[in-house]
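A.B. asks: Structure provided below as structure tokens; questions to follow.
The values are calculated or read from the model by the stated rules, or taken from the named source; none is laboratory data. Predicted model, so just to flag it, every value in this text is computed and none were measured. As a convention, Cβ positions derive from the backbone with ideal geometry for all residues, glycine included, and neighbour counts pool all protein chains shown. The area values use the complete protein model at the heavy-atom level, side chains included, leaving out ligands, DNA and RNA. Shrake-Rupley method; radii C 1.70, N 1.55, O 1.52, S 1.80 Å.
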Amino acid sequence: KKINCLGDSITSIDYTLPTWWQQIASKTGAIFNNYGISGTCIGFNEIRETANGKCFCNRYMDMDTTADGVIVMGGTNDYEIKLGTWNDTTNETFYGALNVLLKGLLETYKGKPIIFMTPIQQANDYINNMIDPVTPIQSNSNSSVQLQLRAEAIKRKCMQYGVTCIDLYNTSGING
């Protein structure tokens with residue numbers, strides 16, 4: 001099987017080796033196409049786009065369309081992206097970027113598995129974490145969203161589209 005991996009630094013080969021996908025490849029024999037670029041966002045951020053590379057929404061179209069599936073892991077760097085509204089269709093808000101990306105992947109990889117993984121916790125996240133997992137994501141569409149609620153937004157958008165989401169933020173055992 002050939003699997004496309006779309007992500008940021010944790011998916012890239014810029015840091016710890018072997019990466020998570022290299023470990024899976026060695027255990028399964030699957031071939032992974034790595035589309036991880038450090039510092040990139042799911043949504044469009046002009047400064048990061050210029051400095052690091054295309055956001056996920058602008059990058060997924062460059063991936064191998066013959067792959068047997070796609071794994072997406074991101075959201076860590078989207079802290080400057082505004083939340084937007086649930087039905088946004090622009091890649092300049094977090095909800096909009098998720099809509100663009102999910103719709104695009106579902107159309108491009110029809111009938112093939114698509115898996116999202118939420119970002120893992122960062123240092124000191126536990127200080128700001130909400131205890132109640134159904135806490136509303138803030139209603140101000142012009143606000144940026146802390147990492148825990150970005151992970152929650154990813155989970156909720158994946159549920160809307162019927163896409164598998166692995167909640168690494170809450171269940172990976174990696175925490176601040």
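A.B. asks: For Ile47, are the conditions met, namely being within 29 Å of Ala123 (Cα to Cα), out of contact with any strand residue (DSSP E or B) (no Cβ under 8 Å at 6 or more places or on another chain) and among the hydrophobic types (A, V, I, L, M, F, W, C)? Even if it seems obvious, please write down each step before you answer.
C.D. replies: Numbers: within 29 Å of Ala123 (Cα to Cα): yes; out of contact with any strand residue (DSSP E or B) (no Cβ under 8 Å at 6 or more places or on another chain): yes; among the hydrophobic types (A, V, I, L, M, F, W, C): yes.
Yes; evaluated as a whole, the condition is true for this residue.
A.B. asks: Mind counting the residues in segment 144-174 that are closer than 17 Å to Thr85 by Cβ, open to solvent by less than 40 Å² (accessible area, probe 1.4 Å) and assigned to a helix (DSSP H, G or I)?
C.D. replies: 6
A.B. asks: Could you check, for segment 43-61, whether at least one of its residues is among the hydrophobic types (A, V, I, L, M, F, W, C) and over 22 Å from Tyr161 (Cα atoms)?
C.D. replies: Looking for residues that are among the hydrophobic types (A, V, I, L, M, F, W, C) and over 22 Å from Tyr161 (Cα atoms), one finds at least one in segment 43-61, hence yes.
A.B. asks: Taking the condition closer than 21 Å to Pro119 by Cα, free of Cβ contacts under 8 Å to residues at least 60 places away in the same chain, open to solvent by 20 Å² or more (accessible area, probe 1.4 Å) and among the aromatic types (Phe, Trp, Tyr), does Tyr79 pass?
C.D. replies: Numbers: closer than 21 Å to Pro119 by Cα: yes; free of Cβ contacts under 8 Å to residues at least 60 places away in the same chain: no; open to solvent by 20 Å² or more (accessible area, probe 1.4 Å): yes; among the aromatic types (Phe, Trp, Tyr): yes.
The answer is no for Tyr79.
A.B. asks: Step by step: first the residues of segment 138-176, then only those that are of a type in the set (A, V, I, L, M) and over 16 Å from Asn99 (Cβ atoms), then the one that is modelled with the lowest pLDDT. Which residue is that?
C.D. replies: Initially, segment 138-176 is screened for residues of a type in the set (A, V, I, L, M), giving 145, 147, 149, 151, 153-154, 159, 163, 166, 168, 174.
Pick out the ones that are also over 16 Å from Asn99 (Cβ atoms) and you get 147, 149, 151, 166, 168, 174.
Working: Leu147: 85, Leu149: 86, Ala151: 93, Ile166: 97, Leu168: 95, Ile174: 79.
Among those that are of a type in the set (A, V, I, L, M) and over 16 Å from Asn99 (Cβ atoms), it is Ile174.
A.B. asks: Looking at segment 1-27 only, could you name the residues that are in contact with an Asp or Glu (Cβ under 7 Å, 6 or more places away or on another chain) and in a loop (DSSP other than H, G, I, E, B)? Can you show your working first?
C.D. replies: Here is the first cut: in segment 1-27, the ones in contact with an Asp or Glu (Cβ under 7 Å, 6 or more places away or on another chain) are 1-4.
The one that is in contact with an Asp or Glu (Cβ under 7 Å, 6 or more places away or on another chain) and in a loop (DSSP other than H, G, I, E, B): Lys1.
A.B. asks: A further question follows. Give the residue, chosen from Thr89, Thr85, Thr135, that is surrounded by fewer than 15 Cβ atoms within 10 Å (Cβ to Cβ), more than 23 Å from Cys5 (Cβ to Cβ), among the β-branched types (Val, Ile, Thr) and modelled with pLDDT of 95 or more.
C.D. replies: Only one candidate qualifies: Thr89.
A.B. asks: Still on this model: For segment 28-76, how many residues are of a type in the set (A, V, I, L, M, F, W, C), assigned to a strand (DSSP E or B) and in contact (Cβ under 8 Å) with a residue 40 or more places away in the chain?
C.D. replies: Within segment 28-76, residues that are of a type in the set (A, V, I, L, M, F, W, C), assigned to a strand (DSSP E or B) and in contact (Cβ under 8 Å) with a residue 40 or more places away in the chain number 4.
A.B. asks: What are the pairs, 6+ residues apart or on separate chains, where a residue within segment 109-125 that is on the phi > 0 side of the Ramachandran plot has its Cβ under 7 Å from a residue that is open to solvent by 10 Å² or more (accessible area, probe 1.4 Å)?
C.D. replies: Pairs found: Asn124/Gly176.
A.B. asks: Inspect all residues belonging to segment 28-42 and state whether any of them is open to solvent by 50 Å² or more (accessible area, probe 1.4 Å), out of contact with any helix residue (DSSP H, G or I) (no Cβ under 8 Å at 6 or more places or on another chain), farther than 15 Å from Leu98 by Cβ and at pLDDT 95 or above.
C.D. replies: Among the residues of segment 28-42, at least one is open to solvent by 50 Å² or more (accessible area, probe 1.4 Å), out of contact with any helix residue (DSSP H, G or I) (no Cβ under 8 Å at 6 or more places or on another chain), farther than 15 Å from Leu98 by Cβ and at pLDDT 95 or above, which makes the answer yes.
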